[in-house]
Amino acid sequence: MSGDINRSAIFTEIWRKHIWPGQSRSGPGSGLARTAPLRAALEAFLEREQPHLFYDAPCGDFLWMQHVKLPAHTHFLAADIVAPMIEELRGRYTTPTRTFRVADIVIDTPPPCDVWLCRESLFHLTLTDAQAVVNHWRASTIPLFLATTSPTIAHNQDIATGAWRPLNLELAPFNLGPPSEMLPDGAPTDPHKCIGVWRR
């Protein structure tokens with residue numbers, strides 16, 4: 001079985017069976033209470049940056065992001081590897097300024113956009129797959145890459161796809177260096193975790 005098919009099967013089963021606990025089927029980090037500080041910070045960030053296309057990938061089940069107020073002219077494009085979930089989201093939430101698509105961020109090139117949000121995702125991937133995602137951004141012209149990072153982690157460990165461990169994107173194998181800013185996104189088990197903002 002190829003890696004992309006395997007990833008799709010793993011994350012579809014997690015979503016379908018609600019294996020990760022919490023309000024959201026995308027896991028405890030995607031509930032409304034946990035994302036309240038981030039939602040406020042993200043709204044202020046987007047209002048300041050005024051992106052034309054805001055790419056959220058992987059988007060998860062859209063539970064928290066639907067409550068983020070975007071700038072009036074911003075188009076929101078959400079993508080995820082879980083095809084049946086995307087089909088549900090298309091039926092419920094598509095608008096003239098909001099679209100959903102199936103994509104595997106490990107192998108699919110991101111669209112030309114102004115901001116790419118890659119939240120609570122890379123830490124569920126192998127180091128090789130997570131590095132491939134970061135390399136997609138490096139090879140793109142996307143000005144802003146926003147991704148989950150844990151600055152206090154001193155060494156990035158490897159895992160099996162679908163498991164979890166914190167990652168520090170400043171360190172090898174990613175070597176993104178310090179982010180230009182950090183949006184608050186701490187968790188009870190990792191209070192220093194945040195959304196790092198890397199600018200091209």
Those residues of region 29-83 that are more than 26 Å from R16 (Cα to Cα), free of Cβ contacts under 8 Å to residues at least 24 places away in the same chain and in contact with an Asp or Glu (Cβ under 7 Å, 6 or more places away or on another chain) come to a total of 0
When you look at D104, is it farther than 19 Å from L38 by Cβ, among the acidic types (D, E) and either buried (at least 17 other Cβ atoms within 10 Å of the Cβ) or within 16 Å of the chain's Cα centre (by Cα) (or both), yes or no? yes
Of those in region 46-86 that are more than 14 Å from S121 (Cβ to Cβ) and among the acidic types (D, E), the residue surrounded by the fewest Cβ atoms within 10 Å (Cβ to Cβ) is E47
What pairs come up if the first residue lies in region 180-200 and is of a type in the set (D, E) and surrounded by 16 or more Cβ atoms within 10 Å (Cβ to Cβ), the second is assigned to a strand (DSSP E or B) and at pLDDT 95 or above, and their beta carbons are under 7 Å apart, counting only those six or more places apart or on different chains? D185/T148; D185/C194; D185/I195
Among (1) in contact (Cβ under 8 Å) with a residue 24 or more places away in the chain; (2) farther than 16 Å from A57 by Cα; (3) touching a strand residue (DSSP E or B) at 6+ places or on another chain (Cβ under 7 Å), which single condition is T152 missing? (3)
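The values are calculated or read from the model by the stated rules, or taken from the named source; none is laboratory data. Not measured: the values here are computed from a predicted model. Positions of Cβ are backbone-derived with ideal geometry, glycine not excepted, and every protein chain shown enters the neighbour counts.
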